[in-house]
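Trainee: This is the structure I have questions about; it appears just below.
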Amino acid sequence: MHFVSKFAALIARILISPLFILAGLGKFLDLAGTDQYIQSVGLPAGLAVPAATFEVVLGLLLLLGLFTRLTAILLAGFCIITGLVFHNDWGDPIQQAMFLKNLAVAGGLIMVFSYGNVSHGLDRMRSKRDREHELRERELEEHREREVARKRGDFDVATKPGGKA
């Protein structure tokens, strides 16, 4: 069951990421229109490029599994905020559906946040590399301690693993 959960979390992460990557690229392709839409809800001009960059960069990080938990929680917050700001016309069924879509995606991202760096992500590879580096450092330190003990003549300590008598 553990394997299935990890695999499902990986698939979820991959399936959610294109939503942000493509939305951000769409904003880049129509910066003027995006900026106009942003201004139509009372926000200042000039937010199109930061919004597009945020979506593309975090979408790619999510896809790659890098800084997964931070990325997921930031995107979840982004979904909730944009839903409240841009899709708050409750009388319009399309806007209501868009708001509910944002909430659903935020829920999925919170689930990704809860699983964190599952297999097949850069976070996982980085974590494994860090653990291996820490293990090598610990082994080197133990070796140094045994060498110092051997030079002092503490053969019992120097010959026992971990340098403990």
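The values are calculated or read from the model by the stated rules, or taken from the named source; none is laboratory data. No experiment lies behind these values; they were computed from the predicted model shown. Because the Cβ atoms are built from the backbone with ideal geometry, glycine has one as well, and the counts that use them run over all protein chains shown. All accessible areas refer to the heavy atoms of the entire protein, side chains included, with ligands and DNA or RNA removed. Shrake-Rupley method; radii C 1.70, N 1.55, O 1.52, S 1.80 Å.
Trainee: If amide H atoms are built 1.01 Å from N in the plane of the peptide, which residues on other chains or at least 5 residues away come under 5 Å of the amide H of residue 65?
Mentor: 122
Trainee: Using a Förster distance of 25 Å, how high is the FRET efficiency between residue 81 and residue 15, based on the Cβ-Cβ distance and rounded to 0.05? Kindly include the intermediate steps, with their values, before the conclusion.
Mentor: Details: r = 22 Å, r/R0 = 0.88.
Here the calculated transfer efficiency is 0.70.
Trainee: Give the accessible area for residue 101 in Å² (nearest 10); use a 1.4 Å probe, count only protein heavy atoms, and leave out ligands, DNA and RNA.
Mentor: About 80 Å², ignoring ligands and nucleic acids.
Trainee: All other residues with a Cβ under 11 Å from the Cβ of residue 143 taken together, and with Lys, Arg as +1 and Asp, Glu as -1, what is their net charge?
Mentor: -1
Trainee: Can you give the FRET efficiency to the nearest 0.05 for residue 8 and residue 135, using r as the Cβ-Cβ distance and R₀ = 25 Å?
Mentor: That pair, residue 8 with residue 135, gives E of 0.25.
Trainee: Express in Å², to the nearest 10, the accessible area of residue 115 obtained by rolling a 1.4 Å probe over the protein heavy atoms while all chains stay in place.
Mentor: Accessible area, nearest 10 Å²: 110 Å².
Trainee: How large is ³J(HN,Hα) for each residue in segment 32-39, as worked out from phi by the Karplus curve 6.51 cos²θ - 1.76 cosθ + 1.60 (θ = phi - 60°), to whole Hz, x for Gly and Pro?
Mentor: 5, x, 5, 5, 5, 5, 4, 5
Trainee: Another question about this same structure. What FRET efficiency do you get for residue 28 and residue 90 if R0 is 30 Å and r is their Cβ-Cβ distance, rounded to the nearest 0.05?
Mentor: Calculated transfer efficiency: 0.50.
Trainee: I've got another one for you. Through the Karplus equation 6.51 cos²θ - 1.76 cosθ + 1.60, θ set to phi - 60°, convert the phi angles of segment 76-93 into ³J(HN,Hα) values in whole Hz; use x for Gly and Pro.
Mentor: Once rounded to whole Hz, the list reads 4, x, 4, 4, 5, 5, 5, x, 5, 7, 9, 10, 9, 8, 5, x, 8, x.
Trainee: Order 14, 21, most accessible first, counting only protein heavy atoms with a 1.4 angstrom probe.
Mentor: Sorted descending by solvent-accessible area, the residues read 14, 21.
Trainee: Taking the C-alpha atoms of segment 1-109, how large are the radius of gyration and the largest Cα-Cα span, Dmax, in Å?
Mentor: Considering segment 1-109 through its Cα atoms, Rg and Dmax are 14.9, 49 Å.
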